[in-house]
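In what follows, a single structure is set out as structure tokens and then discussed.
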Amino acid sequence: MVPRRPAFVPDESGLLFASFAAEARLSKRKDRMAAAVQDLKNLADRAVAEIAACADDAALEAARVRYFGRRDGAVTQATKQIATLPASEKPAYGAAVNEARARIEAALESRGAALRGAKVDQGLGEREDVTLPGRPVRVGRLHPVSRAIRDVSRIFGTMGFETVEGPEIETDYYNFEALNIPPGHPAREKWDTLWVSNPLGDDPKMPLLGRTHTSPMQVRIMEQRKPPIRVVVPGRCYRYEATDAIRESIFFQYEGLAIDEKLTMADLKGVLYSFARQYFGSQHNVRFRPDYFPFTEPSAEIAFSCVICEGKDPQCHTCGGDGWIEAAGCGMVHPAILRRVGYDPERYQGFAFGGGIERLAMLKSRAPDIRMLYQNDLRFLESF
Ligand code: PHE
């Protein structure tokens, strides 16, 4: 209630009245501010209680969004409000917003930490059953044929043979002619050949084929190098052939070649015996028999005793019942070949050998059929 003032001092009374009105407005604003500050306190109290009751991460995240969500969060809204206030009210309201923000943030932080701690405790409380069998780890391994190739390189390597490789598509010259097998020679019948047409045009004087053996590399190496030579050449070969238990149309061979002064058949036998002992162990029998190849003279065939039947099963699928598996051809390099590549056969001699890699892998893995190596049945491949 505004007290009445004497009318004769209008100036003063006018002034007084104005100051009362201002005061009234001021106190109204102060009330509103106090209410707003109180609202913020209540908001923070409610939030802190709610957050403390959050049972899991999802509830906690929902609470965070309720207060700090970018658009509708309660604290976010209050913060935006600050800018709309007159300058005189900003500090008090701003301070209250900051305080509410700090309390709610602290509550979120401490509830989050409590929930994380509870999770760890729960994990620690779980018991491991140490008697359960372990989960097997699948271990990769080399294919038996790859292993045999590496074994061949390693074992001949210990005897000074360097591993080299050569082309799988050969010319008629290196595959046959340079090895004393001219066109029409009956030895060609020994090799069923897959001819290949040249995409750049066929040269009738130089037909191409999938090499039928690795022996062409004997000539290529002798042309490229000077004696002494000791190389072993593993590689894929091709024959137009029906497959059976010990034959494939695509298969691997290893070729060996040594050229030096005073090499004899005894050196050849020593090297191959040593190889057989290192590859199979000493219990394995090795047999040399005379044979014929146009590019070696004399020639021999080397056979290993059958690991499947040990020579005891006349019906053996793998050795055909005779107890031996032909494993390689070999012999002394023919003097005509030495002459053809410009070596003097009076001074240099050499021996060569060539055998099937799959035969080795079969004997070692006791696979009764060569085709098992290429069927990619993991039950078979994983058993080595
Ligand atoms: N290349 C012959 C074959 O495939 C084997 C062989 C190699 C024979 C070297 C003698 C010397 O049957």
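Below are the figures for this structure:
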quantity: Neighbour-count ranking [beta-carbon atoms within 10 angstrom, fewest first] of ILE221, ILE325; calculated: ILE221, ILE325
quantity: Restricting the stretch 177-282 to chymotrypsin sites (Phe, Trp or Tyr not before Pro) in coil, as DSSP defines it, with at most 14 other Cβ within 10 Å; calculated: TYR240
quantity: Estimated FRET transfer efficiency (LYS205, GLU168; beta-carbon r; R0 22 Å; 0.05); calculated: 0.55
quantity: The chain, helix-only ellipticity at 222 nm - DSSP H runs n ≥ 4, -39,500 (n - 2.57), divided by all residues, nearest 500; calculated: -14000 deg cm²/dmol
quantity: Sequence-separation-based contact order of the stretch 51-105, relative, with Cα cut under 8 Å and 6+ spacing, percent; calculated: 19
quantity: Reachable lysines from LYS312, criterion Cα separation under 22 angstrom, eight or more residues apart if same chain; calculated: LYS364
quantity: Those lysines that a straight Cα-Cα span of less than 19 Å connects to LYS30, excepting residues fewer than 8 apart in one chain; calculated: LYS41, LYS90
quantity: Cβ-derived FRET efficiency at R0 35 Å, LYS190 paired with LYS262, nearest 0.05; calculated: 0.65
quantity: Ranking of LYS90, LYS364 by count of other Cβ atoms within 10 Å, fewest first; calculated: LYS90, LYS364
quantity: Most fluctuating residue given options ARG220, ARG46, ARG287, as computed from a GNM of the chain linking Cα atoms under 10 Å; calculated: ARG46
quantity: Stretch gain in nm, segment LYS312-VAL120, where the contour uses 0.36 nm per residue and the Cα spacing is subtracted; calculated: 62.5 nm
quantity: Length gained when the stretch ASP369-GLU177 is fully extended (0.36 nm per residue, less Cα-Cα span); calculated: 65.8 nm
quantity: Farthest toward positive dipole pole in the chain [+1 Lys/Arg, -1 Asp/Glu at C-beta], among GLN283, LEU263, GLY323; calculated: GLN283
quantity: Where no second cysteine Cβ lies under 4.7 Å, the cysteines concerned in the chain; calculated: CYS54, CYS237, CYS330
quantity: Two-decimal Rg/Rh across the chain, once Rg and the Kirkwood Rh are taken from alpha-carbon atoms; calculated: 1.61
quantity: Spatially proximal aspartates and glutamates relative to LYS80 (Cα-Cα < 19 Å; intrachain offsets below 8 disregarded); calculated: ASP39, ASP72, GLU89, GLU99, GLU105
quantity: Debye, to nearest 20: dipole size of the stretch 10-120, +1 on Lys, Arg Cβ, -1 on Asp, Glu Cβ; calculated: 340
quantity: Nearest-ten-degree value, helix 265-280 long axis tilted from longest Cα axis of the chain; calculated: 40
quantity: The stretch 10-120: Rg to Rh, with Rh as the Kirkwood radius over Cα pairs; calculated: 1.24
quantity: Selected from ALA92, LEU26, CYS54, residue furthest toward positive end of dipole (the chain; charges at beta carbon); calculated: LEU26
quantity: Relative contact order (percent, whole number), the chain, Cα cutoff 8 Å, 6+ residue spacing; calculated: 13
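Read the figures in this text as sums done on the coordinates, not as results from a lab. In this text, all values refer to a predicted model and were calculated from it rather than measured experimentally. Because the Cβ atoms are built from the backbone with ideal geometry, glycine has one as well, and the counts that use them run over all protein chains shown.
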